[in-house]
Amino acid sequence: MTVEASRVTTQATNIPAPADDSVVRHDWSVAEIEALFALPFNDLLFRAQQVHRQHFDPNAVQVSTLLSIKTGACPEDCKYCPQSGHYNTGLGKEKLMEIEKVVEQARAAKDAGASRFCMGAAWKSPRERDLEVVTEMVRQVKSLGLETCMTLGMVDTDQARKLADAGLDYYNHNLDTSPEYYGEIITTRSYSERLDTLASVREAGMKVCSGGILGMGETTTDRAGLLRQLANLEPQPESVPINMLVKVAGTPLENVDDLDPIEFIRAIAVARIMMPKSHVRLSAGREQMDDSTQALAFLAGANSIFYGERLLTTGNPQANRDRELFERLGLHPETRQEVASDEVREAALKAAMEEQARANVEGSLFYDATREATPASSEGQVRERKPCGLVV
Ligand code: SF4
């Protein structure tokens, strides 16, 4: 049966009853996942929403802020990425940011209501002297009461342990796509090296953030293959970014065909069903989506969003748009309930969030960059930094 033909009716697929969806499985086959993709759209979203409500507040969305702490000139050749040194995208090379500047931006993000601060560096892997600096960043950002996340390229067990010892909560390393399609996108780093990094992160006791990018010319089978890799990890990643490719001029994928937004929503819903307890993050490409597509993504089970440094740029229309969308959809930011070791601070943050929600204070959730210039913008204007591959 073709994928199209099997969409005719739910009975045409051999999918377990929705009640089984509450079980976290690590034995998914590509055929099973393709059958999920082939469900009638309403059936798929209904099942995803059922799973979502078993494990999460359906109206809570986790909000993270992202800062690129080292931009450009990356030796890897990821075909989607403007930071790769292999392509001429006009993106300048920047050295590692100073710790104080990172902490200042983390403080601004916290004031804006972010619960997690993510820092990305365009490296193949961190060098020893870089690691000393970034571990100090982790300590200082953590001391503000924020969860911390980093994406620094490949890390071995020893490097992962140093990051964990500094207090890093999450490490991001995406699988990007299926093992079968991977060679079309990246040649300088192998799929198994990516899996090794995820294993090192787990071994060090950190939480895993790992997902992929859709719209790179891959097939539905490749999307199923990516989700299979992620869901069959034991344990599954706590955070799963599902990104829509942002086509950047100068990269090899700048002219790839657009992905149908409905297919993107299907992938979110399938990810939700397969990884019922993970946060599924709507990440890169969100700015290009209209409000209806974003609303469908939340309905399909996305419950995390990312802010890049656009949050800190003048005018910040994206923040206003997001605040309005949250209000229109009745969404609220998730608090740090999962951080048991920080109960006092969490309680204070939760109380502050609830107070903000009651008061409906404009600008309380999302940072208003027009209020005052941050140190990063004091040179005139904030340059738009690109996080690693735009897609953590
Ligand atoms: S996605 Fe990350 S690793 Fe790949 S080229 Fe971009 S910065 Fe480098």
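The values are calculated or read from the model by the stated rules, or taken from the named source; none is laboratory data. A quick note: this is a predicted structure, and the numbers were derived from the prediction, not measured. Reconstructed Cβ throughout: ideal geometry from the backbone, glycine too, with neighbour counts over all protein chains shown.
Quick look at the numbers
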item	result
Residue in segment 116-144 that is surrounded by the fewest Cβ atoms within 10 Å (Cβ to Cβ), counting only those that are touching a Ser or Thr at 6+ places or on another chain (Cβ under 7 Å) and of a type in the set (Val, Ile, Thr)	138
Subset of segment 243-269 [within 19 Å of residue 209 (Cβ to Cβ) and modelled with pLDDT of 95 or more]	267, 268
Number of the condition not met by residue 176 [criteria: (1) buried (at least 20 other Cβ atoms within 10 Å of the Cβ); (2) under 23 Å from residue 260 (Cα atoms); (3) over 16 Å from the mean Cα position of the chain (by Cα)]	(3)
Top-ranked residue in segment 223-239 [being assigned to a helix (DSSP H, G or I) and charged (D, E, K, R); ranked as farthest from residue 195 (Cα to Cα)]	223
Set 107, 116: member being of a type in the set (D, E, K, R), away from the ligand (no atom under 13 Å from the Cβ) and in contact with a strand residue (DSSP E or B) (Cβ under 6 Å, 6 or more places away or on another chain)	116
Out of 183, 145, sole residue that is more than 24 Å from residue 71 (Cβ to Cβ) and modelled with pLDDT of 95 or more	183
Failed condition for residue 242, given (1) assigned to a loop (DSSP other than H, G, I, E, B); (2) touching a residue at least 24 places away in the same chain (Cβ under 8 Å)	(1)
Segment 145-157 - residue that is surrounded by fewer than 24 Cβ atoms within 10 Å (Cβ to Cβ) and under 29 Å from residue 190 (Cα atoms) and, of those, farthest from the ligand (Cβ to nearest atom)	157
Conditions (1) surrounded by 16 or more Cβ atoms within 10 Å (Cβ to Cβ); (2) farther than 20 Å from residue 143 by Cβ; (3) within 16 Å of the ligand (Cβ to nearest atom); number of the one not met by residue 93	(1)
Unique residue being within 16 Å of the ligand (Cβ to nearest atom), out of contact with any Leu (no Cβ under 7 Å at 6 or more places or on another chain) and of a type outside the set (Lys, Arg) when the list is 39, 67	67
Count of segment 158-188 residues which are closer than 23 Å to residue 96 by Cβ and of a type in the set (Ser, Thr, Tyr)	3
Members of segment 260-289 found to be buried (at least 19 other Cβ atoms within 10 Å of the Cβ) and assigned to a loop (DSSP other than H, G, I, E, B), listed by number	275, 276, 278, 283, 284, 285
Residue tally, condition acidic (Asp, Glu), touching a strand residue (DSSP E or B) at 6+ places or on another chain (Cβ under 8 Å) and more than 10 Å from the ligand (Cβ to nearest atom), over segment 166-200	1
